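Please treat every number below as a calculation from the coordinates, not as lab data. Not measured: the values here are computed from a predicted model. Quick reminder, even Gly has a Cβ in these numbers, built from the backbone with ideal geometry, and neighbours come from all protein chains shown.
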Amino acid sequence: MYYLFRLFSWQLSWWSERSLSTFASLLARLTFWLFPSRLRVVDQNLQIAFGGQISAAVRKEIAYESVYHFALTCLEFLSVRDGSLGRHVSFEKGLEHLDEALSKGQGVYILCIHMGSWEAMAAGLDRMGYPNLVLTKPVRPRGLGRLVHELRRLNGMGEVIRRRKGDGYRGIVAALNANKCVGFVMDQARPNSPRLSFFGRPAKTNTSFAAIYSKRPAPVIPMYARRVGVHRHQLTVLPEVKFAQLDTQAMSLHVNQVVEQMIEACPEQYFWLHNRWKVR
C-alpha cells in the first residue's frame, strides 16, 4: 500500500498547478454527487455557524469551495517531493505578535485550525526561521501514514506524535524549552470531550490544550493560513491570547471563541465536513 501511495505522489509531482486545481474541483463535485449526505452535513454546519446571515445558495457555494480547498491541500502536499512546500508561504499580517511572543524565551503555543493549508503553514514557518512542531496522531492507513510522515520531514515539518501516554507532553515541553513553536489544531473534538458553546451551540470541545497549558504556560498565538493560489499561501497572526482564569473549561471556551474568529475570516476555506455538533 505504501508504494501505491508513493507512486501516486510521484505522479502528482509532475502535474501542473492548473491540473492540480482542476482535479481538486472534480473531486469536490464527485464528493457531493456520490455522497449527498456529506453535503447535508456541511449545510447543517453552516446553518449553525451563520444562521440566516447567508442564503442556501451561498451555503452551497461555500460547501463546494470548502471541499475543493481541502482536496487541493491534500494534492499540494502529496505532490511536493523536493522540500519546497513552504516556499511560497508569506505573512499577510500580524508577524509582530509572533516575534514578541518568542522574545520572551518561553516557546510559543500556536493555535491553528483546518483552514487553507495547515501543512504548508507549518512548512512555511520553518522555512522562514520559525522552527515548529505540530501535535499529530498516526495517519491511517499505515502505508499512507508512512508517506505523510516522510513528506513532512522532507519539508522541514516537526511532529510530536502521540503513540503512548505521555509522549505528547514530553515532546511539547522539550520544544518549548528550546523556544520553538508548538502547533495545536484546535477545531476538532476528542472522545469524551465536554460540550462547550461553539457558534452559540454546545459542541464537543478538545480540552487537552488547556490542561497542558496549565502545567507548562507559554505565550499563546492564534494563526491561520489562507490560500491565494495553488502552492501559494498567506499567514495571518492574531494577538496573543490572555486567559482570564486557569480553569480548563473556561480556557477551552475562550479558545472556541478564537477559533470562531478565524473561521469567520475565511469560511470558504474551512473544513466544514467535520461535524463538531454531532450528538455522539
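List of remarks:
- Using the Karplus relation 6.51 cos²θ - 1.76 cosθ + 1.60 with θ = phi - 60°, the per-residue 3J(HN,Hα) values for the range 236-241 come to 10, 10, 9, x, 4, 7 Hz, with x marking Gly and Pro.
- Table column - 3J(HN,Hα) (Hz), the range 75-80, Karplus curve with 6.51, -1.76, 1.60, x for Gly and Pro: 5, 4, 4, 5, 7, 8
- The range 122-280 - percent relative contact order, Cα under 8 Å, separation 6 or more: 18 percent
- In this structure the amide hydrogen of Val182, modeled in the peptide plane, comes within under 5 Å of the amide hydrogens of Val108, Tyr109, Ile110, Leu133, none closer than 5 places in sequence on its chain.
- Checking every one of the trypsin sites (Lys or Arg not before Pro) in the range 180-267 against DSSP loop status and a limit of 10 other Cβ atoms within 10 Å picks out Lys242.
- Cα gyration tensor shape of the range 1-138, rounded if a/c is under 1.5, else prolate or oblate by comparing a/b with b/c: oblate
- Take the Cα of Arg18, step 7 Å toward its Cβ, do the same at Ile48, and the gap between the two points is 4.1 nm.
- Loop-resident sites, the range 29-113, for trypsin sites (Lys or Arg not before Pro), counting at most 14 other Cβ within 10 Å (DSSP): Lys104
- Proximity of backbone amide H atoms, modeled 1.01 Å from N, is registered between Phe198 and Ala203 at under 5 Å, excluding neighbours fewer than 5 places apart on the same chain.
- Phi to ³J(HN,Hα) by Karplus 6.51 cos²θ - 1.76 cosθ + 1.60 over the range 43-53, Hz, x for Gly, Pro: 4, 4, 4, 5, 5, 5, 6, 10, x, x, 5
- Potential extension, Ser193-Asn179 segment - 0.36 nm per residue separation minus Cα distance: 2.1 nm
- Full extension of the chain between Leu7 and Glu100 gives 29.2 nm of extra length, using 0.36 nm per residue less the Cα-Cα distance.
- Charge dipole (Cα centre; +1 on Lys/Arg Cβ, -1 on Asp/Glu Cβ; no other charges) of the range 2-269 amounts to roughly 1080 debye.
- Relative intensity, log₁₀ I(q)/I(0), of the range 2-269 from a Debye sum that treats every alpha carbon as a point, q = 0.10 Å⁻¹: -0.52
- Structural descriptor for the chain: relative contact order 26 percent, calculated from alpha carbon pairs under 8 angstrom and at least 6 residues apart.
- Taking 0.36 nm per residue of sequence separation and removing the Cα-Cα distance, the Lys165/Ser90 pair yields an extension gain of 23.4 nm.
- q = 0.11, 0.12, 0.16 Å⁻¹: log10 I(q)/I(0) that the Debye formula gives for the range 135-280, counting C-alpha atoms only: -0.48, -0.58, -1.09
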